[in-house]
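S.K.: Dumping the structure here so I can ask a few things about it.
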Amino acid sequence: MSVMATNQIAPGRLELVREFVNTHELDRHTDELSGAATTTRWLEARGLSGADGLLPEHDRERLVAVREALRLLLLANNSGDPAPERALRALNEQSTEAALGLRFDADGAQLVSSCGGVDSTIAELLAIVHDSMRDGTWQRLKACLADDCHWAFYDNSRNHSGTWCDMSDCGNRAKARAYRERHRAHRKR
Ligand SMILES: [Zn+2]
């Protein structure tokens with residue numbers, strides 16, 4: 001694997017959250033969670049729980065709600081703005097519906113769902129986010145600020161100042177756009 005390809009991969013289990021957010025590729029207009037079959041395939045490929053039979057539409061919509069709320073949090077990580085209220089509300093609702101709770105066992109304690117299926121998948125994703133917020137890696141998981149991108153990437157830059165998903169692409173496009181806008185403003189005078 002090339003250095004570029006591994007450059008924006010998140011550490012440990014946080015990579016699963018990054019992959020989950022990136023199931024929707026805005027710039028290519030593809031969405032791996034767009035239907036029951038594709039969603040089930042995505043979950044199964046990662047050993048995550050879905051449904052025994054056809055995934056109910058409500059469950060698919062819940063996964064999409066979690067994904068888009070997480071994307072808003074990652075945009076906030078990037079811009080430095082506070083996380084939007086509607087994103088926090090969505091995550092709290094899903095956490096409640098998944099019956100996410102602390103369970104103790106002989107090895108310690110962990111955040112899990114007492115339900116199966118999509119509930120346990122949502123619980124797993126939110127538990128990873130929670131761990132990441134505690135170990136300090138969360139702030140570096142960002143969504144690209146380009147309006148037509150929003151790709152989730154892990155900021156491996158030394159000073160954590162990465163803004164674009166890929167400096168050779170989105171960064172340059174943003175620079176070109178700013179240049180055009182400046183140029184336009186200049187000509188109007
Ligand atoms: Zn981008």
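A short reminder: the numbers here are calculations on the coordinates, not readings from a lab. Keep in mind that this is a model prediction, so the values were computed, not measured. No Cβ is skipped: glycine too gets one built from the backbone with ideal geometry, and neighbour counts run over all protein chains shown.
S.K.: Quick one: which of 23, 96, 40 is among the polar types (S, T, N, Q), out of contact with any Pro (no Cβ under 6 Å at 6 or more places or on another chain) and closer than 17 Å to residue 123 by Cβ?
M.R.: Of the residues listed, the single one that is among the polar types (S, T, N, Q), out of contact with any Pro (no Cβ under 6 Å at 6 or more places or on another chain) and closer than 17 Å to residue 123 by Cβ is 96.
S.K.: Also, quick follow-up: If the Cβ limit is 9 Å and pairs must be 6+ apart or interchain, which residue in region 155-167 that is more than 12 Å from residue 139 (Cβ to Cβ) pairs with which residue that is away from the ligand (no atom under 15 Å from the Cβ)?
M.R.: 156/6; 156/9; 156/140; 157/140
S.K.: Which one is farthest from residue 62 (Cα to Cα), of the residues in region 19-46 that are aliphatic (A, V, I, L, M) and surrounded by 16 or more Cβ atoms within 10 Å (Cβ to Cβ)?
M.R.: Start the filter on region 19-46 by keeping residues that are aliphatic (A, V, I, L, M), which leaves 21, 26, 33, 36-37, 43, 45.
Right, trim to surrounded by 16 or more Cβ atoms within 10 Å (Cβ to Cβ) and you get 21, 26, 33, 36, 43.
Numbers: 21: 13, 26: 19, 33: 11, 36: 12, 43: 14 Å.
Among them, the one singled out is 26.
S.K.: Name the helices (runs of 4 or more DSSP H) wholly within region 1-64 that hold at least 1 residues that are touching a residue at least 24 places away in the same chain (Cβ under 8 Å) and aromatic (Phe, Trp, Tyr)?
M.R.: In region 1-64, 14-21 are the helices (runs of 4 or more DSSP H) which contain 1 or more residues that are touching a residue at least 24 places away in the same chain (Cβ under 8 Å) and aromatic (Phe, Trp, Tyr).
S.K.: Of the residues 126, 74, 102, 111, which single one is surrounded by 15 or more Cβ atoms within 10 Å (Cβ to Cβ), in contact with a strand residue (DSSP E or B) (Cβ under 8 Å, 6 or more places away or on another chain) and without any contact (Cβ under 8 Å) to a residue 24 or more places away in the chain?
M.R.: Being surrounded by 15 or more Cβ atoms within 10 Å (Cβ to Cβ), in contact with a strand residue (DSSP E or B) (Cβ under 8 Å, 6 or more places away or on another chain) and without any contact (Cβ under 8 Å) to a residue 24 or more places away in the chain holds for just one of 126, 74, 102, 111, which is 111.
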